[in-house]
1. Only one of these is at pLDDT 90 or above and open to solvent by 100 Å² or more (accessible area, probe 1.4 Å): Lys75, Lys28. Name it.
2. Is it the case, given these coordinates, that Lys119 is open to solvent by 100 Å² or more (accessible area, probe 1.4 Å), basic (Lys, Arg), part of a loop (DSSP other than H, G, I, E, B) and modelled with pLDDT of 90 or more?
Amino acid sequence: VSRRFLAPFLVTMAKSPRRGPGRPEGKKAALKRRTTKLYREYEREVKRSGIESRRLTQHVDGKKPARRDPLGKAKGKAEELRTERAADEKARQDALQRREKQEAQRRRKARGLLKRSKKGQPIMKNMAKHLLEKVQKMTQ
């Protein structure tokens with residue numbers, strides 16, 4: 001084995017005894033390894049002391065706990081928007097129906113008021129009925 005190859009290898013081994021040619025790892029992997037080691041130590045201590053840890057009791061029934069949906073927030077917002085739009089659409093439809101109903105009543109009244117006799121005079125019966133309705137509406 002040449003010295004050129006051996007020198008860098010020995011330097012890396014001196015810096016980190018767990019790192020070598022068979023086990024390359026980056027900063028994230030090293031961090032994960034350290035945190036899992038700390039968790040294992042914590043769990044051991046918890047078991048020894050008899051305190052129940054939430055992390056230890058999650059797998060009691062033998063099943064893994066359900067993972068959170070990564071798109072949960074987006075789905076929630078989409079559902080809210082959908083319900084909001086449906087409510088807006090319903091309100092718009094109700095307003096449209098109300099408007100159409102009012103227009104139909106207005107047309108009916110106008111048709112009655114525009115009726116004329118053979119000689120072209122307005123029919124007083126319709127006019128009196130209209131005026132009576134107006135007075136009753138004002139007194140209520």
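The values are calculated or read from the model by the stated rules, or taken from the named source; none is laboratory data. On a predicted model such as this, the values are computed, not experimentally measured, just so you know. These area figures cover heavy atoms from the full protein model, side chains too; ligands, DNA and RNA do not enter into them. Shrake-Rupley method; radii C 1.70, N 1.55, O 1.52, S 1.80 Å.
1. Lys75
2. In short, yes.
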